[in-house]
Amino acid sequence: MAPIDRLETLLQGEGPVILDGANGSELERLGARMDQSLWCARALADAPDVVRRVHRRYIDAGADIITTNSYSATREAMQRCGLAEHFEDWNRRSVHMAREERDRSARAESVAVAGSVGTYGHFGALDRETLYGHFRAQAGILVEEGVDLLMLETLGSSVRTIRTMVNATTDLGVPVWVSLSCVRDRDGGAVLFGMEESTEAPEAAVTYGPLAEAAREIMSVGGSAVLMMHSVRDLTEDAVRVLRGAWSGPVGAYPNAGYWTRPNWTFVDQVSPDEYLADARRWVEAGASIVGGCCGVGVEHIRALAGGLRGA
């Protein structure tokens, strides 16, 4: 059975699907240098062995999906850094590294490779035509190199930007999963579509309105699944319930632990693997059929999910 067919079987009732954890913060844990402008994408050129090691560790931990280290290798960000000539090469490398580690493992037929299409950079300032071209370019490279699905990782982006992202990717012949970040309204407690880099710095938060409305508007354009990404763990269960009410297809969650202080991840508010598993069981009960982790969530957390949720 091909990896993508196995994912469909899991999503139809044998799941949940286990995503990998973070790439960026896990690369940092293992010693890769983070870049002020390109964050973890720099490791594709500077520390390829560490990138491969991260993928291998997630495979060995039981993840059903590993994600390419291409989130911050966007054309917009690389142009701003004067590295536009490396855009295609770095994105191709990201797929080669993930696929090669998958294909040489004993679990090769059980692990899918997700191509991360990111909004890392200043996408909000771009017109729709330029947005479309940037997203299409990155997604097209990832699909051409053989990813099994696309993961649109849209941290902090507006509905306009994400709808353009979905329009640019859904006809490329692979499933498209749309990942949205969210925050808690500090006054009323509602789950809002948006992001905050740190609960310690509320002035840096960006919100766009109710998560349910944003999810309905975005998923009306297309997409195969909607997930909550890179948001605080304590919000995850509520976010899953909101997404479950707004979308009839598969829903997932991969929250973070800690926060970013450019260009490094601040490893605070860390959660033990057992605690993370206990939380994930509540997310599954709330309707999540896909679970994993974002920044600060590492290999041992994913091992706990694979063993505790499916006995892998």
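Here, each number is a calculation from the coordinates, and none is a lab measurement. Fair warning: this is a prediction, and the values are worked out from it, not measured in the lab. Note that we place each Cβ from the backbone using ideal geometry, even for glycine, and neighbour counts take in every protein chain shown.
Dipole magnitude of the chain about its Cα centre, charges +1 at Lys/Arg Cβ and -1 at Asp/Glu Cβ only, in debye to the nearest 20? Before the final figure, lay out the partial values.
On the way: 31 positive and 43 negative charges, 47 e Å.
Result for the chain is approximately 220 debye, rounded to the nearest 20.
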Given a Förster distance of 30 Å, the FRET efficiency implied by the Cβ-Cβ spacing of A2 and V221, rounded to the nearest 0.05, works out to 0.65
What is the spin-label model distance, in nm, from T9 to R128 if the labels are put 7 Å beyond Cα along the C-beta direction?
4.2 nm
Under 1.5 on a/c is rounded, so check that first for segment 63-193, then, if it is not, pick prolate when a/b is larger than b/c and oblate when it is not; a ≥ b ≥ c are the square roots of the alpha carbon gyration tensor eigenvalues.
oblate
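Assuming 1.567 mPa s and 4 °C, estimate D for the chain with Stokes-Einstein, Rh taken as the Kirkwood radius over Cα pairs, in µm²/s.
Working: Rh = 18.9 Å.
In µm²/s, the coefficient is 69.
Once you have a ≥ b ≥ c as the square roots of the Cα gyration tensor eigenvalues for segment 79-147, tell me rounded if a/c is under 1.5, and otherwise prolate or oblate according to whether a/b is larger than b/c.
Working: a/c = 3.01, a/b = 2.18, b/c = 1.38.
In terms of gyration-tensor shape, prolate.
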In whole angstrom, the spacing between the Cα centers of segment 225-257 and segment 1-73 equals 19 Å
Residue with peak Gaussian network fluctuation, the chain [Cα springs, cutoff 10 Å], from G252, G293, G124
G124
